[in-house]
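Only the coordinates and a few stated rules stand behind these numbers; no lab work does. Worth saying up front: this structure is predicted, and the values here are computed from it rather than measured. Counting neighbours? That spans all protein chains shown, and the Cβs are built from the backbone with ideal geometry, glycine included.
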Amino acid sequence: MNIQSSFQALVLSGALLVLVAPSAAMAAEVRNGPNAVVAPGETVDDDLFATGQTVTVDGRVIGDVFATGQTVVVTGTVDGDLIAAAQQVVVDGTVNGNVRAAGAVVTVNGRVGRSVTGLAQQVNVSSSGRVDGSLVAAGETISAFGPVGRGVTAGGGTLQLGGPVGGKVLVWANNLSLGPNTRIAGDLEYRSDHQADVPSGAVAGRVQFDQIEQRQQQAPVLNGLFDFCGLVWLCGSAILGALALIFAPRAAARAVELGRQQPVPTFGLGLLALCAVPVVAVLIGLTLVGLPFALAVAALYWLGLLLAWPALGLVVGTELARRVRRGEPMPVLGALVVGLIVLHLVTHLPIVGGLVAFLGLAFGLGLIVQSFRRWRRPSEPGRAAAPVAVPA
């Protein structure tokens with residue numbers, strides 16, 4: 001999976017918001033640029049906010065470190081927590097607090113004084129690494145060959161244990177592997193596709209295995225076209241769209257205009273917002289100081305998703321009315337309902353229905369974002385909003 005360019009763009013965008021949110025509430029050392037470095041022998045007597053292509057901590061940071069970039073490396077000492085989002089997050093030195101990291105690869109080769117929380121394609125605690133607290137991880141491959149002082153909670157594709165664990169191990173994984181040096185002081189509870197080979201004496205407590213059942217679900221009639229939840233969504237979208245037409249007719253007109261005149265930029269912006277906003281909200285929420293702002297962003301994102309489908313339905317219905325009823329105008333509410341019904345039918349087609357729903361949601365979200373941007377701009381001279389009614 002090629003995630004380098006897209007992931008870097010997301011984390012750099014998130015970094016700007018992360019830096020803005022806490023700055024009003026606290027004083028901190030801020031470093032950015034292509035390479036943000038705490039040099040060997042240097043001491044930062046405060047929290048550190050760093051962003052760049054490469055963020056390197058070779059010296060000592062007395063407070064917490066908040067870092068985003070393509071690569072984040074700690075070879076020195078962090079007295080507080082390390083909160084990082086990057087393609088690669090590597091701890092070769094010492095973090096006396098917690099490590100909370102998200103990225104493609106998260107690796108601990110040094111010592112972590114408290115706990116490690118990792119969300120990545122690969123989360124690794126090497127044989128030279130040490131976690132004095134607990135390990136909580138989700139990823140495609142999770143490995144813990146170094147000692148973990150407390151428990152391990154992990155979910156993903158494959159979990160490999162090869163060192164001592166001081167507490168309970170709780171696992172949801174397709175594959176579980178225990179090496180000969182594995183020593184679990186507590187219980188081992190795991191859900192997996194098949195039973196793992198547990199060496200004798202590797203687990204001091206009890207071992208509980210629950211097999212993941214592979215259920216074959218029967219295909220719904222007509223691919224779920226008349227499912228209750230789908231019909232509720234259809235009716236709810238129609239009601240929400242009707243309310244938007246009543247209380248925000250100019251915004252509805254802008255959406256129709258954008259759908260006809262700027263379909264490609266609108267779709268691109270919507271796709272970016274659909275994928276990037278959740279990541280940015282999580283990055284902001286990790287700072288704790290920015291948690292209220294993250295909740296506000298999440299609420300606006302949810303509202304945008306709710307409005308996206310009616311906006312798309314209005315554009316689709318309007319275009320159909322222009323092409324089919326050339327000589328007869330259609331009420332805008334009728335265009336909305338027709339568009340939503342067409343979308344409901346198309347998104348329940350076998351194979352392509354899910355893809356159409358995703359692309360349509362991205363386009364609808366782009367309509368909402370673009371309409372909001374135009375609403376904030378001053379009106380352009382000599383240009384009026386398109387009429388809401390469908391012309392003959």
- Item | Other-chain or far-sequence residues with amide H under 5 Å of V61's (modelled H) | V44, T77, V78, D79
- Message: Between A296 and E42, what is 0.36 nm times their sequence separation minus the Cα-Cα distance? Round to one decimal in nm.
- Response: 87.7 nm
- Using label points projected 7 Å from each Cα along Cα→Cβ, tell me how many nm separate S177 and A357, to one decimal. 3.6
- Taking neighbour Cβ counts within 10 Å as the exposure measure, how do V280, V37, V356 sort from fewest upward? V356, V37, V280
- Note on the structure: The rounded separation in angstrom of the Cα centers of the range 35-82 and the range 232-301 is 35
- Item | Selected from L271, V356, G285, residue furthest toward positive end of dipole (the range 225-376; charges at beta carbon) | L271
- Convert each backbone phi in the range 123-132 into a coupling constant with the Karplus relation 6.51 cos²θ - 1.76 cosθ + 1.60 (shift: θ = phi - 60°), then list the ³J(HN,Hα) values in order as whole Hz, x for Gly and Pro. 10, 10, 10, 6, 5, 8, x, 8, 10, 6
- In whole Å and largest first, what semi-axes does the C-alpha gyration tensor of the range 4-211 yield when each eigenvalue is scaled by 5 and square-rooted? 33, 17, 13
- Return the FRET efficiency for the residue pair L225, R326: r is the Cβ-Cβ distance, R0 is 35 Å, and the value is rounded to the nearest 0.05. 0.70
- Message: Under the 0.36 nm per residue contour assumption, what length would be gained going from the current alpha-carbon distance of A204 and Q121 to full extension?
- Response: 26.9 nm
- Can you sort I246, I341, I368 so the residue with the fewest Cβ neighbours within 10 Å comes first? I246, I341, I368
- Message: For a quick check: sort V338, V73, V78 by the number of other beta carbons within 10 angstrom, fewest at the front.
- Response: V338, V73, V78
